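Written below as structure tokens is the structure these notes are about.
Where a number appears in this text, it was derived from the coordinates with a stated rule and is not lab data. A quick note: this is a predicted structure, and the numbers were derived from the prediction, not measured. When we count neighbours, we look across all protein chains shown, and the Cβ atoms used for this are built from the backbone with ideal geometry, even at glycine.
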Amino acid sequence: MRLLTFIMDIAAVPALLSLSVSGHELGDFGRVKPGVVNDGLIPQLDRWGRKLAGQPVSDFNITDQEREMHDRIYRFLIARHVKDWAFDYEQIVMVAGRSSTRPGRDDLYYRWLTREPYASSRVRYNTISDDVGADVLSMPSTFAAICAVIVVDRQRAVAAGELDDVEASMIVQMRTRKAENDLYVARFVRALRYRYESYSYALDHFLVETPHAEAVTVDGRLSDYAIWLDRAEAGNFCVEGDGSWRDQTEALPGRVLLDAPSEGEYRK
């Protein structure tokens, strides 16, 4: 009977995932909106899914810093207005590092923009610019949240090393939580790369399909995005500032060269 129940539970996972994804809404500043689904159902499904996948699952209480990090990272794992191109959308509840069954396709965002019945082809460039800009604006707070969790993990390790009455099982749980946090961050970094490649694919293809001067603005915002992406892939989450710390004399690769504010785009 227990085996039958387990099999039925496994079969129900897709439906539960669909329910959780459809109800997992974003609130202010890209954070997850409080509610029964977001605060109760999804975390439980997340733990269950990670256990089934052999991922680390700690019994530690979650800190405020960890909860903030989870909420902010979630914003980069979805595109609430583009469900069919969002990063690993069908497995979003498995937020802590499970591999996606979806092939690595950078064209989904471009395909979605192509299907949208915009009144002007220029609006597609504006949409990319707005989406990239929203990501960039969310980077400082997300990096700060990740940095805060890195500090918490270090504090745990220091406390464990200085206290004599901490059981071995507690040390195991501490290391498991550190592994959990590392998986969340790794998922975030992969999401940044995926989104960057998706935006870049769309811009490159629209330059060929419907070239407009608005491409310059998109390219500039993607250059800003690239600064944060480089920083994330280097694991550099705890540097002060908003990204302006980068040497401003350092050239960033561009896609277009305009000889006039008209339709004169040329590939470099």
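Per-structure values
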| read-out | value |
| --- | --- |
| Förster radius 30 Å - calculated FRET efficiency between A186 and D130 (Cβ-Cβ, nearest 0.05) | 0.65 |
| Extension gain, D64 back to D165 (0.36 nm per residue minus Cα-Cα distance, nm) | 33.8 nm |
| Exposure proxy order (Cβ contacts within 10 Å, fewest to most) of S141, S169 | S169, S141 |
